[in-house]
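Notes follow the structure.
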Amino acid sequence: MHRTPSNSYLGLEVAPAFFKPIQQMAPPSPTKRHTKITVVGTGNVGMAIAQTILTQDLADELSLVDVNADKLRGEMLDLQHAAAFLPRTKILASIDYSVTAGSDLCIVTAGARQIVGESRLNLLHRNVALFSKIIPQLAKYSPDAVLLIVSNPVDVLTFVAWKLSGFPSNRVIGSGTNLDSSRFRFLIADHLDVNAQDVQAYIVGEHGDSSVALWSSISVGGVPVLSFLEKQQINYEKETLENMHKEVINSAYEVIRLKGYTSWAIGYSVASLARTLLRNQRRVHPVSVLVKGFYGMDEGEVFLSLPAQLGRGGVLGVINVHLTDEETEQLRDSAKTIAEYQSQLGI
Ligand code: NAD
């Protein structure tokens, strides 16, 4: 499904006449890397990610994969037709995974939708079946890639992807609470009338209902908010804080209720992860990583979001943020629930 150059259907080889190569051309510097990103699943989320990657000039080559061949080709053409307005990126699409060969980053957004009355566990079984087709193919064609899982339930599916790929755990990441934390930062910024980029705040743990807000480490413009308020003896309502966290949890449900799906924020959130990974930015993002050994979580192989430093090699480390006893307990409870859930998958 690669694009046919227009001069070939004229039956003319016009390019050499039109463009005369210089003599004694030296090969490009070997330090200049060619970057390739694959997005599997070209639904609402996959396409928002793809278009953000293109506008932010994050890849030399973008390959798209889906099972719906017509939709896939339509999306590829629609993006290619924007070439005159975008940085140059080669866009490929196919239902065959050979198109993904040599990717540096593979982003998986393919997912089955919940059927009315279907249990979460049943949906998960269907998504595991889907992943067992997708992940081995990605691993085969891009054995050195970082896998970035977005499909839900993201923490469990990141574990599934890790098992099915055989990759080391530093190269398998779930988008996790990177989006939840951005929603959190937006709400705090809105409340204080500051720029969300000046707000440092993390939601960690499970992406979704049992996520944990790290109140004690919130800072705005370098000022730790809660300890500042306490020192200045400024009263604040604990309920306001709890409501803000509840609003973060309900955000996705609210957007889905109103427009049917979420797309733009997850698109930007994943593009920001792609930038940190591929440009080796060593930035800290709350993403789903194998938690064994961190914050006293030693049992089970569970992926949950922790503030992790990311770079070209994937996960470089986990930041040792101060957690209260209550926050640690909440994290451990999440890990136990997910471990029990995973034990029913037979992986
Ligand atoms: P969607 O239904 O619009 O798109 C899913 C796409 O996956 C479809 O194009 C479908 O054809 C494709 N697909 C299905 N089976 C496939 C297979 N075997 N191989 C390749 N492609 C396949 O759904 P969406 O709104 O784009 O959401 C995608 C996933 O992202 C969902 O699981 C959703 O819950 C999740 N999501 C996660 C976050 C997060 O923060 N982690 C945020 C938003 C959405």
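Here are a few things to note about the model shown:
- Distance from the alpha carbon centroid of the stretch 135-189 to that of the stretch 298-347 works out to 13 angstrom.
- When the chain is described by a simple charge dipole with +1 on each Lys and Arg Cβ and -1 on each Asp and Glu Cβ, the residue from Q23, S132, H191 located farthest towards its positive end is Q23.
- The angle between the Cα long axis of helix 264-278 and the main principal axis of the chain comes to about 80°, on a 0 to 90 degree scale.
- Entries of K238/K259; K231/K336; K163/K336; K36/K163 with Cα pairs more than 29 Å apart: K238/K259; K231/K336
- Centre separation in Å (Cα based) which lies between the stretch 200-242 and the stretch 43-82: 37 Å
- Neighbour net charge for A139 - beta-carbon separation under 13 angstrom, K R +1, D E -1: +3
- For the stretch 32-174: rounded, prolate or oblate by the Cα gyration tensor [a/c cutoff 1.5]: oblate
- The candidates L345, L192, arranged from most to least accessible area with a 1.4 Å probe in the full protein assembly, appear as L192, L345.
- For the stretch 32-174, the solvent-accessible area works out to 42 Å² per residue, with a probe of 1.4 Å and every protein chain left in place.
- A15-E326 pseudo-label distance in nm [points 7 Å out on the Cα-to-Cβ vector]: 6.4 nm
- Fully extending the segment from T31 to K231 would add 66.8 nm, taking 0.36 nm per residue of separation and subtracting the current Cα-Cα distance.
- When peptides 84-92, 105-113, 201-209, 264-272 are sorted by average Cβ neighbour count within 10 Å, with the highest value leading, the order is 201-209, 105-113, 264-272, 84-92.
- Carbon/sulfur fraction of accessible area - the stretch 197-288, other protein chains in place, 1.4 Å, %: 49 percent
- Using Cβ point charges alone (K and R +1, D and E -1), the dipole size of the chain about the Cα centre works out to roughly 1420 debye.
- Per-bin percent of Cα-Cα distances, the stretch 206-288 [5 Å]: 3, 11, 14, 18, 19, 16, 11, 6, 2
- Here each label is just a point 7 Å from Cα along the line to Cβ, and for K238 and Q80 those points are 6.0 nm apart.
- When its C-alpha radius of gyration is set against 2.2 N^0.38 Å (N residues), the chain gives a value of 1.08.
- The stretch 178-343, relative contact order in percent, only Cα pairs under 8 angstrom and at least six apart counted: 21 percent
- Here the spin labels are modelled as points 7 Å beyond Cα on the Cα-Cβ line, and at A265 and E247 they lie 1.1 nm apart.
- Ranked by how many other beta carbons lie within 10 Å on average, peptides 309-315, 291-297, 236-242 from highest: 309-315, 291-297, 236-242
- The chain, helix-only ellipticity at 222 nm - DSSP H runs n ≥ 4, -39,500 (n - 2.57), divided by all residues, nearest 500: -13000 deg cm²/dmol
- Take every pair of alpha-carbon atoms less than 8 Å apart whose residues are at least six positions apart; their mean separation over the length of the stretch 32-174 yields a relative contact order of 23 percent.
- Computing Rg and the Kirkwood Rh from the Cα coordinates of the stretch 178-343 gives a ratio, Rg/Rh, of 0.96.
- M244 accessible area, assembled protein chains, probe 1.4 Å, Å²: 20 Å²
- Acute angle (nearest 10 degrees) that the helix 178-192 long axis makes with the longest principal axis of the chain, alpha-carbon atoms: 60 degrees
- Carbon + sulfur, % of accessible area of the stretch 32-174 - ligands and nucleic acids excluded, 1.4 Å: 53 percent
- For the stretch 281-338, the Rg and Dmax computed from alpha carbons only, in angstrom: 11.5, 34
- The chain: relative contact order in percent, alpha carbon pairs under 8 Å with at least 6 residues between: 16 percent
The values are calculated or read from the model by the stated rules, or taken from the named source; none is laboratory data. Here the structure is a predicted model, which is why all the values come from computation and not from measurement. When we count neighbours, we look across all protein chains shown, and the Cβ atoms used for this are built from the backbone with ideal geometry, even at glycine. Please note that ligands, DNA and RNA were not included when accessible areas were found on the heavy atoms of the full protein model with its side chains. Shrake-Rupley method; radii C 1.70, N 1.55, O 1.52, S 1.80 Å.
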